[in-house]
Amino acid sequence: MCVTTVDINGQPYQRMVLLKHYDKKGLVFYTNLSSRKAQHITHNNKISLLFPWYQVDRQVCFLGKAEKLSTIEVIKYFQSRPKDSQITAYISHQSTKITTRDILENKFFELKQKMRRGKIPLPSFWGGYRVKFDSVEFWQGRSNRLHDRFLYQWKYDHWQIDRLAP
Ligand SMILES: Cc1cc2nc3c(=O)[nH]c(=O)nc-3n(C[C@H](O)[C@H](O)[C@H](O)COP(=O)(O)O)c2cc1C
């Protein structure tokens, strides 16, 4: 899904992340807690998630607020990841500048060697967010550009559903 956050000056940024889990409480993704997106969320947790599905001519857009996952939830997921991905989480300080790829690869193999035995603990700077949403728009492509659009908006205790013009 494409995640949009806004920086302190109101500049929006977008990037793809993997939706790892969803339930009635919201949509969950994992990331580095020092990354640009995490910094944005710290000062403004309003967020937009877009799922583009070109093959079926469809898109779904969520608006809501991102909340940090509990450490227990994050540990559970982190431990389910392949060991190499856990190591990468340690060595990559996401969105900081690096001079060469070699630095990254050397760090990776160094840590892989060091941590070859036992469990890899959760890095303090790695976690995830649950997006609690109160607006969802479903868009379905139809013939003659007469597309269907339905906007769901949470109103206190129910979803208000409106059809929007394409
Ligand atoms: C298909 C795809 C999936 C991705 N999944 C994730 C993810 O789950 N978590 C993540 O932190 N970055 C993911 N990335 C990398 C992000 O797009 C982005 O480059 C990175 O998170 C840094 O973003 P930021 O500097 O805005 O924080 C993914 C990229 C692609 C193309």
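Taken together, the values in this text are just the output of simple stated rules run on the coordinates, not laboratory data. Please read these numbers as outputs of a predicted model, since none were measured by experiment. Cβ atoms come from the backbone with ideal geometry, glycine included; neighbour counts cover every protein chain shown.
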I need every pair where a residue in segment 3-27 that is more than 22 Å from residue 159 (Cβ to Cβ) has its Cβ under 6 Å from the Cβ of a residue that is in a loop (DSSP other than H, G, I, E, B) and of a type outside the set (Ser, Thr, Tyr), sequence separation at least 6 or different chains. 3/17; 6/44
With the requirement that a residue be free of Cβ contacts under 8 Å to residues at least 24 places away in the same chain and more than 22 Å from residue 90 (Cβ to Cβ), what does segment 28-48 give you? 45
Out of 72, 41, report the one residue that is within 13 Å of the ligand (Cβ to nearest atom), under 30 Å from residue 107 (Cα atoms) and not polar (S, T, N, Q). 41
One residue is enough: does segment 49-56 have a residue meeting the conditions assigned to a loop (DSSP other than H, G, I, E, B) and touching a residue at least 40 places away in the same chain (Cβ under 8 Å)? no
Which of (1) touching a residue at least 12 places away in the same chain (Cβ under 8 Å); (2) on the phi > 0 side of the Ramachandran plot does residue 131 not meet, given it meets every other one? (2)
Name the residue that is nearest to the ligand (Cβ to nearest atom), counting only residues in segment 4-33 that are farther than 21 Å from residue 73 by Cα and crowded, with 17+ Cβ neighbours inside 10 Å. 5
Residues (polar (S, T, N, Q), part of a strand (DSSP E or B) and loosely packed, with under 13 Cβ neighbours inside 10 Å) located in segment 116-166: 160
Test set (1) over 21 Å from residue 40 (Cα atoms); (2) surrounded by fewer than 12 Cβ atoms within 10 Å (Cβ to Cβ) - residue 107 fails condition number: (2)
Could you tell me which of the residues 101, 36 is basic (Lys, Arg) and surrounded by 12 or more Cβ atoms within 10 Å (Cβ to Cβ)? 36
The lone condition residue 103 fails out of (1) among the aliphatic types (A, V, I, L, M); (2) within 12 Å of the ligand (Cβ to nearest atom); (3) in a helix (DSSP H, G or I); (4) over 19 Å from residue 134 (Cβ atoms) is (2)
